[in-house]
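These notes concern the structure reproduced below.
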Amino acid sequence: MHIEQLKLTNYRNYEALDITFDDKVNVIIGENAQGKTNLMEAIYVLSFTRSHRTMREKELIRWDSDYATIEGRITKRNQSIPLQISISSKGKKAKINHLEQHRLSDYIGAVNVVMFAPEDLTIVKGSPQIRRRFMDMELGQIQPTYIYHLSQYQKILKQRNHLLKQLQRRSSVDETMLDVLTDQLVEHASFLLERRFVYLDLLRKWAGPIHEGISRNLENLEIQYDATIKVSEEANKEKITTIYQDSFKNIREKEIERGTTLVGPHRDDLLFFVNGKDVQTYGSQGQQRTTALSIKLAEIELIYQEVGEYPILLLDDVLSELDDYRQSHLLNTIQGKVQTFVSTTNVDGIHHETLKNAELFYVHQGVATNTKES
Ligand SMILES: Nc1ncnc2c1ncn2[C@@H]1O[C@H](COP(=O)(O)OP(=O)(O)OP(=O)(O)O)[C@@H](O)[C@H]1O
């Protein structure tokens, strides 16, 4: 799939942008703070309905305006499909083919995007929350029901934590409500965990060989799921449900004492090992970078396998961070089959092969100019 055209109205520093893209490589060039990331972010929002940088949607609206729209025309399965996201103080609307989608899970997946930005290097090094978010976002875009279960899980978790706080302070003695919420939580938790296991299995399949390739066969990457319950990754949903139920029974007193939910997918983590050593603790910067890149490239193949088409790849300010070898590896992986957006302040850091057939856009103060048209 690819994005043919993007129109922005009052989006960040773009008052009005109407731009057509190449279906292979597009390089966005500009000085700092001109709008390169804003452009990438807009494509990301068109896919996920939310930004990768902020949870506060108001920030996406141009300062002197009260609404913003992102319109994209994408090609998917040889069909041209208009998509639209509009944001205002009243909320957010998402449309496919001019039809409003009332549930986000009906919209997400209309166009698939994989983004690799400097903050993705923190997938390995950063907090567990970042790795959970990565799994949730990626799973959500290939499986919309995952988003439904995730949002239900988060809602019930909040209620359950609230009740546990009350029980901790002894301001509530109604433990039957805790049983009800635990059952509901377990139902969604088991779904999420089972899906994460299936997903991880696929991620490993792709990321392992990719990592080996990037490291010139010197490194072997292993990914482990660190769950808060003792469970085998082969366990089905029923088995996972039983383990969660038993676990919650066993830690009931402890949870009341602590006033919070102690097990569940919201506390799980991913662990990465290179040649048997934990990369987070022992990995060099280069190894951490290679791991992050391998995961992102694996993501592309995984989406292809699940969706039947390659996603759009956004490389925001990271290409020049990779050495020539890693850049060529990336290039070989995408081999003209993935529409790619590269943003950079300076084309000097970009491998000449990447630039050869690319379309170049210059961004200056919220205006993007295609070199071919200027
Ligand atoms: N809501 C908004 N309304 C208007 N302008 C905004 C808004 N949000 C951000 N900006 C402006 O957008 C610019 C930043 O753009 P962006 O983050 O895309 O930079 P960039 O070109 O990627 O730069 P760098 O290379 O430094 O990452 C800044 O000038 C900022 O003031």
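Points to keep in mind about this one:
- Selection from the stretch 218-234 of residues that are surrounded by fewer than 17 Cβ atoms within 10 Å (Cβ to Cβ) and of a type outside the set (D, E, K, R): L218, N220, Q224, S232
- Only a single criterion out of (1) within 14 Å of the ligand (Cβ to nearest atom); (2) assigned to a helix (DSSP H, G or I); (3) crowded, with 21+ Cβ neighbours inside 10 Å; (4) touching a residue at least 40 places away in the same chain (Cβ under 8 Å) is not satisfied by A68, namely (2).
- Residue check, L218 farther than 24 Å from S294 by Cβ and out of contact with any Gly (no Cβ under 7 Å at 6 or more places or on another chain): no
- When E31 is tested against (1) free of Cβ contacts under 8 Å to residues at least 40 places away in the same chain; (2) under 19 Å from D316 (Cβ atoms); (3) surrounded by fewer than 21 Cβ atoms within 10 Å (Cβ to Cβ), exactly one condition is not met: (1).
- Filtering the stretch 16-33 to residues that are part of a strand (DSSP E or B) and either at positive phi or not acidic (D, E) (or both) leaves A16, L17, I19, T20, V25, N26, V27, I28, I29.
- When the stretch 235-271 is limited to residues that are assigned to a loop (DSSP other than H, G, I, E, B) and over 28 Å from G126 (Cα atoms), the one that is farthest from the chain's Cα centre (by Cα) turns out to be I251.
- Remark: D18 falls outside the filter, which requires a residue to be acidic (D, E), within 14 Å of the ligand (Cβ to nearest atom) and either in contact with a Pro (Cβ under 6 Å, 6 or more places away or on another chain) or in the same structural domain as F361 (by TED's automatic domain parsing) (or both).
- Among (1) of a type in the set (A, V, I, L, M, F, W, C); (2) within 16 Å of the ligand (Cβ to nearest atom); (3) surrounded by 18 or more Cβ atoms within 10 Å (Cβ to Cβ) - the single one A110 does not satisfy: (2)
- The lone exception for L330 - which of (1) surrounded by 21 or more Cβ atoms within 10 Å (Cβ to Cβ); (2) not assigned by TED's automatic domain parsing to the domain that holds I74 it fails: (2)
- Of the numbered criteria (1) more than 15 Å from the ligand (Cβ to nearest atom); (2) surrounded by fewer than 18 Cβ atoms within 10 Å (Cβ to Cβ); (3) under 19 Å from the mean Cα position of the chain (by Cα), the one S47 fails is (2).
- G308 vs. criteria farther than 25 Å from V25 by Cα and either buried (at least 20 other Cβ atoms within 10 Å of the Cβ) or more than 16 Å from the ligand (Cβ to nearest atom) (or both): no
- Every condition in (1) more than 20 Å from Y310 (Cβ to Cβ); (2) more than 16 Å from the ligand (Cβ to nearest atom) is met by K337 except one, and the failing one is (1).
- Condition check for L157: crowded, with 17+ Cβ neighbours inside 10 Å, free of Cβ contacts under 8 Å to residues at least 40 places away in the same chain and in the same structural domain as R267 (by TED's automatic domain parsing): no
- Exactly one residue out of L150, L167 is assigned by TED's automatic domain parsing to the domain that holds I295, part of a helix (DSSP H, G or I), of a type in the set (A, V, I, L, M, F, W, C) and under 19 Å from A189 (Cα atoms): that is L150.
- All conditions in (1) within 16 Å of the ligand (Cβ to nearest atom); (2) within 23 Å of I214 (Cβ to Cβ); (3) of a type in the set (G, A, S) hold for A368, with the sole exception of (2).
This table checks each residue for (1) among the aliphatic types (A, V, I, L, M); (2) assigned by TED's automatic domain parsing to the domain that holds I147; (3) over 30 Å from Q166 (Cβ atoms).
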position: R204; (1), (2), (3): no, yes, yes
position: S232; (1), (2), (3): no, yes, yes
position: I240; (1), (2), (3): yes, yes, no
position: I256; (1), (2), (3): yes, yes, no
position: T261; (1), (2), (3): no, yes, no
position: H266; (1), (2), (3): no, yes, no
position: Y282; (1), (2), (3): no, yes, yes
position: Q288; (1), (2), (3): no, yes, yes
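- Residues that are outside any loop (DSSP other than H, G, I, E, B) and either closer than 13 Å to A16 by Cβ or more than 8 Å from the ligand (Cβ to nearest atom) (or both), drawn from the stretch 34-44: A42, I43, Y44
- Residue among S328, S343 that is of a type in the set (S, T, Y) and touching a helix residue (DSSP H, G or I) at 6+ places or on another chain (Cβ under 6 Å): S343
- Subset tally (residues that are within 22 Å of D323 (Cα to Cα) and assigned to a loop (DSSP other than H, G, I, E, B)) for the stretch 203-234: 6
- Any hit, the stretch 250-271, residues being at pLDDT below 95 and not acidic (D, E): no
The values are calculated or read from the model by the stated rules, or taken from the named source; none is laboratory data. The structure displayed is predicted, hence computed values, not measured ones. Ideal geometry is used to build each Cβ from the backbone, glycine not excepted, and the neighbour counts take in all protein chains shown.
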